[in-house]
Amino acid sequence: MTDAAKNLIVGLAKAVNPKVKVIVKYPNWYEHFAGMGFNLETEPKIFDGIYTGTETRDAIMSAQHLQPYLGYNIVRYYENIVPGRNGGGWVDPFASNYSDRYTEQLWITLFAKAKEQTLFYFRSITRPSVATGRAAWQEQHTSFDYDEMMQPRNYNGGASTKPTTIARVAGYTIPDNFSDLYNLPAEALNKIRQVLCGNLNIQIEGPSKISLYVYDNNTFIVKSFLDTETIVKAITPQAFNTIIDINTNELIKGELRKPGFSYVEKNLGAKNVYTFTLKPHSFKVFKMQ
């Protein structure tokens with residue numbers, strides 16, 4: 001693994017881009033850690049930084065038998081191997097029979113003073129929340145309140161919505177230069193928009209430098225900061241089937257989009273999609289009907 005890390009991963013990456021930063025994420029400590037090729041003496045020196053797997057899951061029933069306190073120990077251990085270069089902790093929701101167990105792993109990672117917390121991975125944390133995730137001890141006012149987590153939320157002044165997934169938070173690494181976000185492909189930006197605007201009646205799809213302004217009377221504005229003409233899509237719930245350009249009275253009918261097969265998309269339901277064109281540095285005002 002040391003040779004592979006040096007010559008097949010880091011060496012090749014830096015040959016293409018000398019400025020690239022390559023981070024190795026190590027799993028939590030289990031009995032066959034070294035047997036899997038993880039060498040904590042040589043490998044951390046090769047990579048620009050390391051990341052800590054703090055997942056412990058079910059300490060008794062899961063295959064690795066990772067004890068809960070290891071989520072703290074491993075962060076402190078790695079931090080002392082490469083002081084200042086341990087980026088943070090990484091947790092997944094697998095083998096967590098109760099929601100408390102997932103939450104505990106996040107707490108313990110932060111108790112160890114990890115610089116940041118990564119929730120792995122998006123599809124897993126947006127899977128449906130089920131009643132069996134509520135532990136029997138929830139009536140005792142414990143640190144984690146499952147019932148409070150499942151209370152309906154209202155983010156935009158509309159109807160309250162009850163959470164349907166095991167996590168209400170998704171993380172994304174923001175570059176030091178915020179303008180680098182403009183380089184993300186439309187497909188990635190659309191996923192981010194889907195999460196951030198999930199509780200709104202309107203979302204947009206398209207390239208970067210397209211902005212959405214939402215108002216409480218079923219109107220919205222889409223503004224382009226691009227130097228070229230571009231195609232944009234607006235997405236609404238099925239309760240709306242038409243949008244009207246207020247300035248031109250142009251009527252755009254929605255096309256039905258059925259939900260996909262991922263955990264997230266299945267819970268979103270069908271949507272109506274409206275396609276229109278924006279001129280460079282121009283905007284359009286629409287009303288949903």
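Pick from K191, K258, K253: which is of a type in the set (K, R) and touching a strand residue (DSSP E or B) at 6+ places or on another chain (Cβ under 8 Å)?
Numbers: K191 fails: touching a strand residue (DSSP E or B) at 6+ places or on another chain (Cβ under 8 Å); K258 fails: touching a strand residue (DSSP E or B) at 6+ places or on another chain (Cβ under 8 Å).
Result: K253 is the single residue among K191, K258, K253 that is of a type in the set (K, R) and touching a strand residue (DSSP E or B) at 6+ places or on another chain (Cβ under 8 Å).
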Is there any pair linking a residue in segment 226-242 that is of a type in the set (S, T, Y) to one that is surrounded by fewer than 16 Cβ atoms within 10 Å (Cβ to Cβ) and in a loop (DSSP other than H, G, I, E, B), with Cβ under 8 Å and at least six apart or on different chains, and which? T228/P280; T242/Q289
Within segment 97-105, does at least one residue satisfy the condition of being under 25 Å from T164 (Cα atoms) and assigned to a loop (DSSP other than H, G, I, E, B)? yes
If Q238 satisfies all but one of (1) touching a Ser or Thr at 6+ places or on another chain (Cβ under 7 Å); (2) exposed (fewer than 15 other Cβ atoms within 10 Å of the Cβ), what's the number of the condition it fails? (1)
Test: residue in segment 204-213 that is small (G, A, S), at pLDDT 85 or above, closer than 23 Å to F240 by Cα and over 16 Å from the mean Cα position of the chain (by Cα): yes
Go through segment 79-96 and give me each residue that's part of a helix (DSSP H, G or I) and out of contact with any helix residue (DSSP H, G or I) (no Cβ under 8 Å at 6 or more places or on another chain). E79, N80
Y69 vs (1) exposed (fewer than 15 other Cβ atoms within 10 Å of the Cβ); (2) over 19 Å from A114 (Cβ atoms): all pass except (2)
Restricting to segment 6-59, name every residue that is touching a Phe, Trp or Tyr at 6+ places or on another chain (Cβ under 7 Å) and either β-branched (V, I, T) or not in a loop (DSSP other than H, G, I, E, B) (or both). V10, V22, I23, V24, K25, Y26, I50, Y51, T52, G53, T54
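Going residue by residue through segment 57-74, is there one that turns out to be within 21 Å of the chain's Cα centre (by Cα), in the same structural domain as V10 (by TED's automatic domain parsing) and without any contact (Cβ under 8 Å) to a residue 60 or more places away in the chain? Talk me through it step by step, then tell me what you get.
Residues of segment 57-74 within 21 Å of the chain's Cα centre (by Cα): 57.
Filter once more, so that each one left must be in the same structural domain as V10 (by TED's automatic domain parsing): 57.
Narrowing the set further to residues that are without any contact (Cβ under 8 Å) to a residue 60 or more places away in the chain leaves 57.
Within segment 57-74 (the criterion being within 21 Å of the chain's Cα centre (by Cα), in the same structural domain as V10 (by TED's automatic domain parsing) and without any contact (Cβ under 8 Å) to a residue 60 or more places away in the chain), the answer is yes, since at least one residue qualifies.
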Give me the pairs, please: first residue somewhere in segment 26-37 and without any contact (Cβ under 8 Å) to a residue 60 or more places away in the chain and on the phi > 0 side of the Ramachandran plot, second residue anywhere and surrounded by 10 or more Cβ atoms within 10 Å (Cβ to Cβ) and assigned to a loop (DSSP other than H, G, I, E, B), beta-carbon distance under 7 Å, and either six or more positions apart or on two chains. G37/M1
Answer residue from segment 182-233, given it is in contact with a Pro (Cβ under 8 Å, 6 or more places away or on another chain) and in a helix (DSSP H, G or I) and is surrounded by the most Cβ atoms within 10 Å (Cβ to Cβ) among those: L189
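The values are calculated or read from the model by the stated rules, or taken from the named source; none is laboratory data. Note that the structure is predicted; figures quoted are calculated from it, not measured. As a convention, Cβ positions derive from the backbone with ideal geometry for all residues, glycine included, and neighbour counts pool all protein chains shown.
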